[in-house]
Amino acid sequence: MMGMGESLKLNGHSLRLNDIINVARHGQKVELDDSAIAFVERGSEMVSSWVREGKSIYGVTTGFGDLASTAIPPEKSEELQENLLKSHACGVGEPFSEDVTRAIMLLRVNTLIRGFSGISLKTLQLLVDFLNLGIHPVIPEQGSVGASGDLCPLSHLGISLLGLGDVVYEGKRMPASEALRKAGLKPIRLGPKEGLALNNGTTVMTAVACLVLYDALELAPLADVAAALSLEALKGVPYAFDPRTHELRPHEGQQIVARNILNLIDSSEIIEKYKHDRVQDAYSLRCVPQVHGASRDALDYVKNKIQIEINSVTDNPLIFPAEGEAISGGNFHGEPIALAMDFLGIALSEIGNISERRVARLVDHKLSGLPPFLISESGVNSGFMIPQYVAAALASENKGLSHPSSVDSIPTSANQEDHVSMGMYAARKASSILKNVRNILAIEFLTASQGLDFLKPLRAGKGTGKVHETIREVIPFIQKDEYIHPLIGETARLVSDGTLLRAAREAVGDLQ
């Protein structure tokens, strides 16, 4: 992971999706904006004064959840907060990847710096030091119900600052205490409310959501490119992409996709030769603007919700120093993210569903007019028969994963927390769906490219021709059966690392 030059200044108000990617995946360092530090100090001092006064504040001078009516004396304040983190750090499953962990740390700093959480500047700075030095807490993926936020995974983040639990540092997993010693840092001692400030909120589900959303936004135009390749390989007609049609139903995503397809197939000798053979194609070709476009519009909705959430304060209770009040509310509830991520999962699934249908047409000689299973000597060769099975398996898996998590509440904390969001699982499922769709599209790129080769010497379009050429630089035309697994993997790499999208955009400037 390579660091970037200039540090990102955090103030809790101005974080953007690209900033998160730069920190999470490219190692950009962060610092606390001077203008926000006073707010942090003011909130921390307010909490300390309330403890001295013996004021009843949830999670500060009381227990948690169903134990909210249990009073906690001031001398037990540090023990209360430390116990909170230790008892709540009980997640299971595989740890989050490094980029997700870094996104979690960044978003937690960005919400705490607003000064409404009662965190001390010293604790907040240690979290910044962890992020900048590459000390990454080991945070298990499973254990959050999404209200009160992501208590369990955030507690695994919090205990690392105490020198407890494991972290990954300098490429090795080790106890947090050892990493602190190696880095010349000291573990914190928690002040009043600091444990609750660290572990209460929607940070983990939002971190996962940010990375999935970013990748989905990159995948959307690639789906149009794959569809355009299939359109040509199947000798499709261009009429369904006429802008006049889409002006009469002006959904923004639909119009963008139709324009993309026309730009990609511009100057196609294949389209020109076969465009008078029929007046319309099957839905998986003809309705690409409507289906891909609806998914794009869903992504826009999700982006709006994520942008709000990454600059929000989502813990409880909230400290309002100007009024001298602590208000116990429900900003930790993950419903806005749960619904958005369920929607994102559905939108991505539909891109995968229609892509698989195009693959199925490509390998069916009765529909395609191409050799059976896209291989010259079928029978002794199976060609692309089974890659379509794989695409079908992934599309079917996505249908199950797309069942919304947000409708599945389950009560916790002795029915005090009697409706939860399941937003964390919604985000994790969307991540799984995204990976499956990448592979489905990789299979479509591979099969459509094979199909196009059977139509030579006719040239493909301006954009599709460039993408086909880029694929052929890495993966040759298949004359007879080969070991296909690595070819799908290599095509998936071209999908995920941006190679194919860059090629398309180089050829077609106006590709959105």
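Go through segment 474-505 and count every residue that is under 20 Å from the mean Cα position of the chain (by Cα) and not in a helix (DSSP H, G or I).
So the answer is 2.
Return the residues of segment 310-329 that are touching a residue at least 40 places away in the same chain (Cβ under 8 Å) and surrounded by fewer than 22 Cβ atoms within 10 Å (Cβ to Cβ); say none if nothing qualifies.
Across segment 310-329, the qualifying residues are Asn311, Ser312, Val313, Leu318, Phe320, Pro321, Gly324, Ser328.
For Phe39, indicate whether it is surrounded by 16 or more Cβ atoms within 10 Å (Cβ to Cβ), under 34 Å from the mean Cα position of the chain (by Cα), aromatic (Phe, Trp, Tyr) and modelled with pLDDT of 90 or more.
On the way: surrounded by 16 or more Cβ atoms within 10 Å (Cβ to Cβ): yes; under 34 Å from the mean Cα position of the chain (by Cα): yes; aromatic (Phe, Trp, Tyr): yes; modelled with pLDDT of 90 or more: yes.
Here the answer is yes, as Phe39 does meet what is asked.
Name the residue, out of Asp277, Asp281, that is within 22 Å of Asp453 (Cβ to Cβ), buried (at least 16 other Cβ atoms within 10 Å of the Cβ) and out of contact with any helix residue (DSSP H, G or I) (no Cβ under 6 Å at 6 or more places or on another chain).
Numbers: Asp277 fails: buried (at least 16 other Cβ atoms within 10 Å of the Cβ).
Unique residue meeting the criteria: Asp281.
Looking only at segment 356-409, filter to residues that are closer than 23 Å to Ile346 by Cα and part of a loop (DSSP other than H, G, I, E, B); which one of those is modelled with the lowest pLDDT?
By that ranking, first place goes to Ser409.
In this structure, is Tyr239 farther than 18 Å from Gly451 by Cβ, out of contact with any strand residue (DSSP E or B) (no Cβ under 7 Å at 6 or more places or on another chain), touching a residue at least 24 places away in the same chain (Cβ under 8 Å) and among the hydroxyl-bearing types (Ser, Thr, Tyr)? Please lay out each step first, then the result.
Values: farther than 18 Å from Gly451 by Cβ: yes; out of contact with any strand residue (DSSP E or B) (no Cβ under 7 Å at 6 or more places or on another chain): yes; touching a residue at least 24 places away in the same chain (Cβ under 8 Å): yes; among the hydroxyl-bearing types (Ser, Thr, Tyr): yes.
When the stated conditions are applied, Tyr239 passes them.
Can you find even one residue in segment 226-244 that is more than 32 Å from the chain's Cα centre (by Cα) and among the polar types (S, T, N, Q)?
no
All but one of (1) modelled with pLDDT of 95 or more; (2) more than 25 Å from Leu17 (Cα to Cα) hold for Ile327; which doesn't?
(1)
Quickly run through segment 261-282 and pick out the residues that are assigned to a helix (DSSP H, G or I), in contact (Cβ under 8 Å) with a residue 60 or more places away in the chain and within 14 Å of Ser230 (Cβ to Cβ).
Leu264, Ile270, Ile271
The values are calculated or read from the model by the stated rules, or taken from the named source; none is laboratory data. Source: prediction; values computed, not measured. All Cβ positions, even for glycine, are placed from backbone atoms using ideal geometry, and neighbour counts span all protein chains on display.
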